[in-house]
Amino acid sequence: MDQPSAATSTTTTATAPNPLPASHSTSTFSSQAEPLTERPTQKRPMEHDESNPDAAPADTSDEQQAAKRTRFGTRYLEDESQVFEQNAWDNVEWDPEQIEYAKKVVREQALTMVSEADRERYEAEAGEFWNKFYSQHDTKFFKDRNWLFTEFPELMPSENSTDSYHIFEPGCGVGNTVLPILQTNRNPNLRVYAADFSARAVELLKETPLFQAEQARCQAFVHDITSTDPYPIPEGSLDVIIIIFVLSAVDPSKMQDAMTRLARLLKPGGALLLRDYGRHDLTQLRFKKNKMLSDNFYVRGDGTRVYFFSQDDLDSMLTKAGLVKEFNRPDNRLIVNRAKQIKMYRVWLQVKYVKPFADGSLPAPLVSTAVVPPATSSPASGSGSKSAEMDE
Ligand SMILES: C[S@@+](CC[C@H](N)C(=O)[O-])C[C@H]1O[C@@H](n2cnc3c(N)ncnc32)[C@H](O)[C@@H]1O
C-alpha cells in the first residue's frame, strides 16, 4: 500500500504556478480532536462548504447546477496572479516542493500512531461508529451525487432503454447515489441493489418516499463488504458496481478480498466505477497527532476511518480482482476561498475497471449520448446537506 503519491503521477493539461507549501497550513479547517471516549464531533472535515464552491446549495436552480457540472475539468489556471479570480481550478500540477512538504507532514503524523488497542476497537466497532454517525446526521450530511451521470455515463447508458440493467452500490449510506440513479434512469427494467453495513443508514434509505415508490426497481439490505456473507445477488449478474467514498472507510488489509468478492458479481463486460480520496488530499494533510492507524489510514474525531489512495493502490487491487483498467485518473483541484484568500488542494481518484468477456476481449468504452436531465434533489438530500458535491 506504500505507493507513490497520486500527485506525483498526475498528468495535467495545465500548470499552476504553485504556492508555497505553507498554503496547506493556512487552511481554516478546524482540527479533528476528540479522543475515542468522547462524544462524536459535530464537525467533520467535509462540513466546510467553502472548501468546494462546486457544491451548489440545495436551493440552487437546476440550470445553475447543470452549468456548474459542465465546467468540471475545464478551468485551468495559467496565470497565478489570477488565482483568486474564480473559485476552483482543475488539473493543477503539484511542484516538487509541495510534494515534499506533503510527504513530510505524513512522516510526522506517523510519529504518533493510534495505539494497537484503539486500532482494534475502531475495526471491531466500525459499523457502530457509522450507525452513530447516521443517528446524529440522519439524511442531512451528504449531498446527492448529481454529478454522477456526467462522470459515469454507464449509470444511464441510453435513454428510453428497456433492457434489463442491474446496478449495485455497496456502502450506499442513505441513498445519495442510488436515489439520483433511480430518479434519473427511468428504464423500467433497471434493478438497483443498495447495501450498507450501517443498519441505521439502510433504515433511513428505506424510509424515503422515493425508495418506497421505487420498490419494484430497488432492493436495500445490510451487508458488510469485508464479510464473507454471500450477497443476495447472483454472481456474474451485474452490469455496474458503483463505489462512492466507501472503500476508503475499510481497513486496507481487508480491501483486496472485498474487491475480489465484489468483482465476482459483475457479468462479463460489466464495469466497476469508483470515486474516492487520493493521496495527499488536503484532508489527509490536516490530520493531527494520534490519528494515523496505519500507512495513509486515519481515524476521524467521530470514529469513522479514511484511507487515501494512490492510483497504484487501486490499479493493483482491481487488477488482482480480475478486472481491466479503462481509466484511473486523479482529480487534482485547487479550491479557492476568495473572501479569505485561502487555497486548498484537493485530490480525488476516479476509476473505471471492466470485467473481460470469456475470450479476453473488452467492452467498448462508453461514450454518453444520453441527454441527462438536470438532476433534482432526492428526498435523501436535505437542505442541511453539509458535504461538498464532488467530495465526500
Ligand atoms: C462516505 S459514506 C458514502 C455513502 C454513499 N456511497 C454516498 O455516495 O453517499 C461511506 C459509507 O460506507 C459505509 N461503509 C463503510 N464501511 C463499510 C463496510 N465495510 N461495508 C459496507 N458499508 C460500509 C458507511 O456506513 C457509509 O454509509
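The values are calculated or read from the model by the stated rules, or taken from the named source; none is laboratory data. Just so we're clear, the structure is a prediction, and the values are computed from it rather than from any experiment. Neighbour counts are summed over all protein chains in view; Cβ atoms, including those assigned to glycine, are modelled from backbone coordinates with ideal geometry.
Is it the case, given these coordinates, that R200 is of a type in the set (K, R) and within 12 Å of the ligand (Cβ to nearest atom)? Against the criterion (of a type in the set (K, R) and within 12 Å of the ligand (Cβ to nearest atom)), R200 qualifies. Here L318, L238, L262, L266 are screened, and the one residue that is out of contact with any Gly (no Cβ under 6 Å at 6 or more places or on another chain), buried (at least 23 other Cβ atoms within 10 Å of the Cβ) and over 30 Å from E100 (Cβ atoms) is L266.
Could you tell me which residue of the range 109-138 is surrounded by the most Cβ atoms within 10 Å (Cβ to Cβ), considering only residues that are of a type in the set (S, T, Y), more than 10 Å from the ligand (Cβ to nearest atom) and touching a residue at least 24 places away in the same chain (Cβ under 8 Å)? Applying the filter and picking the extreme gives Y122. One residue alone among D331, D313 is part of a helix (DSSP H, G or I) and either at pLDDT 90 or above or closer than 27 Å to R107 by Cα (or both), and that residue is D313. Would you say E151 is of a type outside the set (S, T, N, Q) and farther than 24 Å from R300 by Cβ? So E151 fits the description; yes.
One line per residue, one yes/no per condition, for (1) within 12 Å of the ligand (Cβ to nearest atom); (2) under 19 Å from V354 (Cβ atoms):
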site	(1), (2)
E169	yes, yes
G175	yes, no
Q183	no, no
R186	no, no
N189	no, no
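For the condition outside any loop (DSSP other than H, G, I, E, B) and within 6 Å of the ligand (Cβ to nearest atom), A194 does not qualify. Say we look at the range 213-266 and pick out the residues that are in a helix (DSSP H, G or I) and touching a Ser or Thr at 6+ places or on another chain (Cβ under 7 Å); which of these is nearest to the ligand (Cβ to nearest atom)? Applying the filter and picking the extreme gives A249. The helices (runs of 4 or more DSSP H) falling completely within the range 120-191 that include 2 or more residues that are aromatic (F, W, Y) map to 126-137.
Among the residues that make up the range 282-297, is at least one of them at pLDDT 95 or above and farther than 29 Å from W94 by Cα? No, there is no match, as no residue in the range 282-297 is at pLDDT 95 or above and farther than 29 Å from W94 by Cα.
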